[in-house]
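Peer 1: What follows is a single structure, and I will ask about it in a moment.
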Amino acid sequence: MSTNPARLYTLVALIPEGQVATYGQLASILGWNPRLVGRYMGQCPPELPWHRVVNAQGACSVRDSQGHLIQHQRLLAEGVPLTRSGRVNLRRALWPGL
């Protein structure tokens, strides 16, 4: 099992505008642990749609408040449906994957 982050970043680049993937979903596709996906996502190149990756509850997992706000704003700008609590409505926005 290769844990080359380039594999993850290639997958992240495929997530369409207006949809999201979860750490667990990406981990399952890659055969990795979701925590490893989270670690690599913390180093994701900024030109990739990193904002389209959320946790299993549809919440932003960016640790700093500025990054959290940016992620939230980008998702809203793409028309990603959010719940009243500000989480992504995964029933409507979850990318089906590969």
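Every read-out reported here was derived from the displayed coordinates using simple, explicitly stated rules and does not represent laboratory data. This structure is a prediction, so every number in the text was calculated from the model and none was measured. As a convention, Cβ positions derive from the backbone with ideal geometry for all residues, glycine included, and neighbour counts pool all protein chains shown.
Peer 1: Note the listed values (i) 26, 23, 12; (ii) 20, 14, 12; (iii) 53, 31, 9, then indicate which one is semi-axes √(5λ) of the Cα gyration tensor in Å calculated from this particular structure.
Peer 2: Of the labelled values, this structure produces (ii).
Peer 1: With everything on Cα atoms, drop me the angle between helix 65-77 and the longest principal axis of the chain, reported from 0 to 90° to the nearest 10.
Peer 2: Approximately 70 degrees, to the nearest ten.
Peer 1: Here's another thing I want to ask about it. How large is ³J(HN,Hα), in whole Hz, for each residue of the stretch 26-43 in order, when computed from phi with the Karplus curve 6.51 cos²θ - 1.76 cosθ + 1.60 and θ = phi - 60°, using x for Gly and Pro?
Peer 2: 5, 4, 5, 4, 8, x, 10, 8, x, 5, 5, 4, x, 5, 5, 5, x, 10
Peer 1: Taking neighbour Cβ counts within 10 Å as the exposure measure, how do 17, 47, 78 sort from fewest upward?
Peer 2: The most exposed by this proxy come first: 47, 17, 78.
Peer 1: Additional query: Could you tell me how many degrees, from 0 to 90 and to the nearest 10, lie between the Cα long axis of helix 5-14 and the main elongation axis, the longest principal axis, of the Cα atoms of the chain?
Peer 2: Around 40 degrees separate the two axes.
Peer 1: So, one more: Just want the ordering: 22, 83, 10, from fewest to most Cβ atoms lying within 10 Å of their own Cβ.
Peer 2: Going from sparsest to densest Cβ surroundings: 10, 83, 22.
Peer 1: Please list, in chain and number order, the residues 5+ apart from residue 22 or on another chain whose amide H is under 5 Å from its amide H, with Hs placed from the backbone.
Peer 2: Under 5 Å from the amide H of residue 22 lie the amide H atoms of 54, each far enough along the sequence or on another chain.
Peer 1: Defining a contact as two alpha carbons under 8 Å apart and six or more residues distant in sequence, what relative contact order in percent does the stretch 5-93 show?
Peer 2: For the stretch 5-93, the relative contact order is 29 percent.
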